[in-house]
1. Could you please find all residues in region 53-78 being closer than 20 Å to GLY119 by Cα and open to solvent by 40 Å² or more (accessible area, probe 1.4 Å)?
2. With a cut-off of at least 3 residues that are buried (at least 16 other Cβ atoms within 10 Å of the Cβ), name the strands (runs of 3 or more DSSP E) lying wholly within region 113-212.
3. Which numbered condition trips up ARG83, out of (1) touching a residue at least 24 places away in the same chain (Cβ under 8 Å); (2) exposed (fewer than 15 other Cβ atoms within 10 Å of the Cβ); (3) touching an Asp or Glu at 6+ places or on another chain (Cβ under 8 Å)?
4. Which of the residues belonging to region 100-109 are open to solvent by less than 70 Å² (accessible area, probe 1.4 Å) and not in a helix (DSSP H, G or I)?
5. Search region 218-235 for residues that are under 8 Å from VAL248 (Cα atoms) and pair each with any residue that is assigned to a helix (DSSP H, G or I) when their beta-carbon atoms are under 6 Å apart and the residues are at least 6 apart or on different chains.
6. Among LEU59, LEU122, LEU110, which is in contact with a helix residue (DSSP H, G or I) (Cβ under 7 Å, 6 or more places away or on another chain) and not small (Gly, Ala, Ser)?
7. Out of region 244-256, which residues are in a loop (DSSP other than H, G, I, E, B) and touching a strand residue (DSSP E or B) at 6+ places or on another chain (Cβ under 6 Å)?
8. Please find, within region 218-243, the residue that is farthest from ILE203 (Cα to Cα) out of those that are open to solvent by less than 30 Å² (accessible area, probe 1.4 Å) and either modelled with pLDDT under 95 or part of a loop (DSSP other than H, G, I, E, B) (or both).
Amino acid sequence: GTFTFVGTVNEPGQEPKEVNLKTDLLLLISMKLCESSVLDSFENILILQVTLEGFEKVLMAIGRVPNTDSLGLDKAGITMDGRGNIPVDEYQNTNVERVYAVGDVCGKALLTPVAIAAGRHLAHRIFNGEASRKLSYENIPTVVFSHPPIGTIGLTSAEAEEKYGAENIKVYQSRFTNMYYAMTERKPKTYMKLICLLPEEKIVGLHVMGLGADEMLQGFGVAVVAGATKKQFDSTVAIHPTSAEEFVTMSWGLSM
């Protein structure tokens, strides 16, 4: 069938040929699994018509918008952005005094545990006299429950280099087959990466894709939030045989 997609390009004024929608749609196009044509473009918005054929089912992750249209927020003077999100400051304050917003409606880190955590911090600040309490959005562990699952927290390599400079970043990575698959014909790989900030090699990014990534990330997320270093990871005794032990045994020889 033929579908119409609206995507945002990287910068206003880019030509359609330079557009990067940052979705699997471009992967399908590059693999010639579908045909596409540009219907229109204005400012930093691109409208594509895409034709998909030969597929029994197509899953489209088109995103979502907050359900704020019927709340009458404009009558209360509460500001919304162009997508209907409610902008807040670091303490969940809207532009109207004593009116707060938490969760997906704020338009960032759209995760249920984030909403719960932000609400708890806000409640402690308002009702328990903890004036400085707030949720940090800097290191939020996130999992994609795919097959295999993907877990990530902190910065990517590119983000770390942009923030701190490439000369101040050291990356460790590993690729291996889990022992779980030792006796099977199919041997999917596990991929791991540590992004470290020099000179103390503080871990500013941790990423894993493979069996058990969803479970192991919660514990390693605590370590990253606590400011753990590669040396502290190395000094932790490994639990064998597990996939998680690779994070505390990554060799210098595998760094890049």
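1. ASN67, LEU71
2. Per the criteria, 150-154, 169-177, 189-197, 202-209.
3. Only one criterion is unmet by ARG83, namely (3).
4. Once the filter is applied, which keeps residues that are open to solvent by less than 70 Å² (accessible area, probe 1.4 Å) and not in a helix (DSSP H, G or I), region 100-109 yields ALA101, VAL102, GLY103, GLY107, ALA109.
5. Hits for this filter: PHE233/VAL248.
6. Criteria check complete, one pass: LEU110.
7. Answer for region 244-256, where residues must be in a loop (DSSP other than H, G, I, E, B) and touching a strand residue (DSSP E or B) at 6+ places or on another chain (Cβ under 6 Å): MET250, MET256.
8. Here the answer is SER243.
The values are calculated or read from the model by the stated rules, or taken from the named source; none is laboratory data. Since we're looking at a predicted model, the values are computed, not measured. FYI the Cβ positions are ideal-geometry reconstructions off the backbone, even for glycines, and counts take in every protein chain you see. Just so you know, the surface numbers come from the protein's heavy atoms only, side chains and all, with ligands and any DNA or RNA stripped out. Shrake-Rupley method; radii C 1.70, N 1.55, O 1.52, S 1.80 Å.
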